[in-house]
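Everything on this sheet refers to the single structure shown next.
Where a number appears in this text, it was derived from the coordinates with a stated rule and is not lab data. Bear in mind the structure is a predicted one, so any value in this text is a computation, not a measurement. Ideal geometry is used to build each Cβ from the backbone, glycine not excepted, and the neighbour counts take in all protein chains shown.
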Amino acid sequence: MSHAPTGVIERPTPASPGPKSSLGSRSLPRLAPLGFAVVSVALGVGVSLAAGWESRIQWGLISALLFLAISYVATTIVENQRQARDRLATSVMWVCFLVAVVPLASLLWTTIVRGSERLDGYFLTHSMAGVLGSEASGGVYHALIGTLEQVGIATVISAPLGLLTAVYLVEYGKGSLARAVTFFVDVMTGIPSIVAGLFILSIMLMFSLEPSGLMGALALTILMVPVVVRSTEEMLKLVPNELREASLALGIPKWRTILKVVLPTAIGGITTGVMLAIARIAGETAPIILLVFGSQLINTNPFEGAQSSLPFYIYEQYRIGEAASYDRAWAAALVLIAFVMILNLVARGIARWKAPKTGR
């Protein structure tokens with residue numbers, strides 16, 4: 001009787017190779033979307049010119065549609081249907097991004113090109129006193145002073161008021177009063193600027209008040225307060241409750257916890273929200289037309305007499321309809337954009353300076 005030899009290890013039979021993994025399938029190069037974009041723009045411009053379309057907007061729309069179609073078809077052929085759908089969704093997001101950014105970039109570029117032709121030291125240091133609309137002289141000094149004073153007064157009033165309201169809603173607000181405050185803040189967020197101007201105008205008529213920069217600042221305050229409240233409220237909600245609990249556990253009063261822990265933690269977002277509110281009211285024109293009336297002279301007293309502002313100045317110069325007034329309007333628009341950009345840079349600097357320091 002024979003026995004099988006011991007100590008012999010049988011090797012397993014190698015399995016037959018299965019289907020190729022999808023990870024090793026063909027894929028488009030990383031720069032393929034850029035190539036699709038170049039081809040789409042070339043085809044879009046060619047098709048538009050062949051059809052006799054002169055509008056660049058039509059060229060862009062045709063190019064965008066061709067980009068989506070080429071991306072989907074090429075990905076389907078080279079890769080697979082699933083990757084094609086994924087690339088199509090990505091391409092749609094890129095096209096939407098460009099559709100949103102291109103008009104803004106075009107507007108900014110046009111304002112810089114047209115405004116820089118007239119913007120100089122003389123324009124910033126002179127007013128329109130005694131200057132006719134058709135003359136090339138005159139400046140924006142009186143309007144710049146009016147904007148700084150009116151926006152400054154509105155900020156001084158609305159920033160503390162909005163901050164305290166947001167602190168109440170987040171830290172103390174409960175019951176019907178908090179719900180009522182939240183409701184009115186939501187309603188005030190959507191109030192048109194002309195309604196705020198009419199409200200202050202009715203008060204002026206009731207008490208026989210004269211137009212002044214202060215009246216315009218009060219209308220701007222109505223527009224600014226809900227923005228400050230809503231942005232500050234959201235920033236305070238982002239502060240972790242653990243920080244509040246740790247402070248309260250040490251026996252620190254709640255008001256001091258809010259002042260020393262909560263507000264410093266959220267100061268970056270609060271400052272940004274205030275700057276956004278300032279950027280909104282800096283371009284309002286309707287309340288200034290109703291309450292400030294505009295003036296060609298320099299008036300540094302916001303509590304007495306008519307004043308001008310940058311938005312009102314732009315509207316006034318455009319309404320004149322002369323070539324020189326159009327140049328002044330574009331230069332004033334560039335000054336207004338620069339004013340808002342400087343405010344945002346200052347806000348970022350303050351937020352970074354006051355932000356809580358992290359370390360080990």
Practice task
Find the centroid of the Cα atoms in the stretch 57-124 and in the stretch 133-207, then give the distance between the two in whole Å.
Solution key: 36
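Sort ARG319, ARG87 so the one with the fewest other Cβ atoms within 10 Å of its own Cβ comes first.
In increasing order of surrounding Cβ atoms, one gets ARG319, ARG87.
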Exercise for the section: Run the numbers on the chain and let me know its relative contact order in percent, using alpha-carbon pairs under 8 Å that are six or more apart. Expected result: 20
Handout entry: Degrees separating the helix 213-237 axis from the principal Cα axis of the chain, which is the longest one
Key = 30
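If you take the square roots of the eigenvalues of the alpha-carbon gyration tensor of the chain and sort them as a ≥ b ≥ c, do you get rounded (a/c under 1.5), prolate (a/b over b/c) or oblate?
Note, shape of the chain comes out oblate.
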Completion exercise
To the nearest 20 debye, the chain has a Cα-centred charge dipole, built from +1 on Lys and Arg Cβ and -1 on Asp and Glu Cβ, of 1620
Problem - Sorted by Cβ density within 10 Å, fewest first, the residues PHE67, PHE97, PHE293 - result: PHE97, PHE293, PHE67
Problem - Computed E for ARG85/GLU54 - FRET, C-beta separation, R0 45 angstrom, nearest 0.05 - result: 0.80
Exercise for the section: Could you work out how far apart the two model spin labels at LYS237 and ALA69 are, taking each label as a point 7 Å from the Cα in the direction of the beta carbon, and quote it in nm? Expected result: 4.5
Fill in the blank from the handout: With +1 at each Lys and Arg Cβ and -1 at each Asp and Glu Cβ, the charge dipole magnitude of the stretch 76-132 around its Cα centre, to the nearest 20 debye, comes out at 200
Handout entry: Between helix 56-78 and the chain: long-axis angle, C-alpha atoms, 0 to 90°, nearest 10
Key = 20
Practice task
Can you work out the PRE-style zone for THR110? Point 7 Å along Cα to Cβ, and I want the residues of the stretch 41-69 with backbone N under 15 Å.
Solution key: 55-58
Fill in the blank from the handout: Listed with the fewest Cβ neighbours within 10 Å leading, MET275, MET204 appear as MET204, MET275
Handout entry: Three principal axis lengths of the stretch 29-110 [C-alpha, angstrom, descending]
Key = 42, 30, 17
Problem - Nearest-0.05 FRET efficiency for ALA129 and MET206, computed from C-beta distance (R0 35 Å) - result: 0.60
Exercise for the section: Measure nothing fancy, just the Cα-based angle from helix 193-207's long axis to the longest principal axis of the chain, in degrees from 0 to 90, nearest 10. Expected result: 20
Practice task
Describe numerically, in nm with one decimal, the distance between label points set 7 Å from Cα along Cα→Cβ at TYR172 and at ARG256.
Solution key: 1.8
Completion exercise
Asserting the computed 222 nm helical MRE of the chain (DSSP H runs at least 4 long, -39500 (n - 2.57) per run, divided by residue count, to nearest 500) equals -23000 deg cm²/dmol
Fill in the blank from the handout: Protection proxy (average C-beta count within 10 Å per residue), highest first, orders 323-336, 121-134 as 323-336, 121-134
Completion exercise
A chain fully extended from LEU297 to ALA136 at 0.36 nm per residue, minus the present Cα-Cα distance, gains in nm 56.2 nm
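Please work out how much length the chain gains when fully extended from PHE183 to TRP94, using 0.36 nm per residue of separation minus the C-alpha to C-alpha distance, in nm with one decimal. Spell out each step's value before the answer.
On the way: separation 89, 0.36 × 89 = 32.04 nm, distance 3.72 nm.
That pair, PHE183 and TRP94, stretches by 28.3 nm at full extension.
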Handout entry: Where labels lie 7 Å past Cα in the beta-carbon direction, separation of VAL101 and VAL340 in nm
Key = 1.9
